[in-house]
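Data first, discussion second: the structure below is written as structure tokens.
The values are calculated or read from the model by the stated rules, or taken from the named source; none is laboratory data. If you're wondering where the values come from, they're calculated on a predicted model, not measured in any experiment. Glycine also receives a Cβ, built like all others from the backbone with ideal geometry; neighbour counts cover every protein chain displayed.
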Amino acid sequence: MRTGVLGGTFDPPHAGHLRMARLAQAQLGLDRVLFVPCHAQPLKDTLPSASPFHRAAMVALALASKPGWLLETAELERGGISYTAETLEALAAARRGDRLVLIMGSDSLLTFPYWRRQADILALAGLAIVPRGGPLDLPQGVDPRRVHLLQARPLRVSSTLVRERLRRHEPVIGLVPRAVAAYIERQGLYGPARRKTLRRND
Ligand code: ATP
């Protein structure tokens, strides 16, 4: 089995994430794609805005009725800082014989030199890179034979953009799946920062 592994914060999941899975599946003939929400991203200095529970629920909603696309909660269950090498080791142990492909945007590839245990990551998985508009240089030390550059025009959507639009009460139709937009609204996620009001007798 060829298994794609798409790690991210998914805060919230958006059309760009789903397109990454589609591109990797079509161009690399993957049998399935695992979406792996992180607990805490080592290279981001802020914690996710939505809780692990809500991010996992939104990913599950985004993947509903997509055969072969699965939510993988290993990093959320492990807790702490989510290191990709540990995740790939766990996946490889649980799915012996699978060939793993780590799918990431070109902005993530640029940060790859700062990832923990890069050599182990490259031994455990090939990399599939989705262009995101910035430079596409391969960082030093990354064996080009382990890297597939997927063919696609950059799609300018990000979780940051979605969160900003929601904060300003702007529509996010087309940016996130409908079921995810409905969930965000129902749960009151990503609203404008609310000031805590204290009543006189509190
Ligand atoms: P944020 O805006 O909060 O930083 P994000 O949109 O980058 O979030 P993440 O969940 O952090 O989303 O990203 C997970 C992975 O998906 C990363 O490898 C990132 O590069 C990639 N990615 C996200 N959006 C796109 C996109 N539009 N095109 C290509 N890759 C993307």
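Summary of computed values
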| quantity | calculated |
| --- | --- |
| Residues (within 14 Å of the chain's Cα centre (by Cα) and part of a helix (DSSP H, G or I)) located in segment 84-139 | T84, T87, S106, D107, S108, L109 |
| Residue in segment 165-177 that is in a loop (DSSP other than H, G, I, E, B), crowded, with 16+ Cβ neighbours inside 10 Å and within 12 Å of the ligand (Cβ to nearest atom) present | yes |
| Those residues of segment 14-41 which are more than 9 Å from the ligand (Cβ to nearest atom), touching a helix residue (DSSP H, G or I) at 6+ places or on another chain (Cβ under 8 Å) and not aromatic (F, W, Y), in sequence order | L18, L30, V33, L34, V36, H39 |
| Flag for A152 being within 14 Å of the ligand (Cβ to nearest atom), aliphatic (A, V, I, L, M), over 16 Å from the mean Cα position of the chain (by Cα) and under 30 Å from R178 (Cβ atoms) | yes |
| Residue within segment 6-13 that is within 24 Å of R186 (Cα to Cα) and either away from the ligand (no atom under 12 Å from the Cβ) or of a type in the set (F, W, Y) (or both) present | yes |
| Single match in P48, P42 (criterion: modelled with pLDDT under 95 and within 11 Å of T9 (Cβ to Cβ)) | P48 |
| Scope segment 58-68; condition crowded, with 18+ Cβ neighbours inside 10 Å and more than 13 Å from the chain's Cα centre (by Cα); matching residues | L61 |
| Tally of residues being more than 9 Å from the ligand (Cβ to nearest atom) and either touching a residue at least 60 places away in the same chain (Cβ under 8 Å) or over 26 Å from D11 (Cα atoms) (or both) across segment 112-149 | 22 |
| Residue pairs meeting the criteria (Cβ under 6 Å; at least 6 apart or on separate chains; first under 20 Å from L124 (Cα atoms) and in a loop (DSSP other than H, G, I, E, B), in segment 1-28; second more than 9 Å from the ligand (Cβ to nearest atom) and of a type outside the set (A, V, I, L, M)) | M1/D31; M1/D98 |
| E75 vs. criteria part of a helix (DSSP H, G or I) and in contact (Cβ under 8 Å) with a residue 40 or more places away in the chain | yes |
| Residue count, segment 76-99 (criterion: within 26 Å of G29 (Cβ to Cβ) and surrounded by 19 or more Cβ atoms within 10 Å (Cβ to Cβ)) | 4 |
| Odd one out for I184, checked against (1) in a helix (DSSP H, G or I); (2) in contact (Cβ under 8 Å) with a residue 60 or more places away in the chain; (3) exposed (fewer than 15 other Cβ atoms within 10 Å of the Cβ) | (3) |
| The listed residue being over 22 Å from L155 (Cα atoms), at pLDDT 95 or above and in contact with a Lys or Arg (Cβ under 7 Å, 6 or more places away or on another chain), out of R2, R32 | R2 |
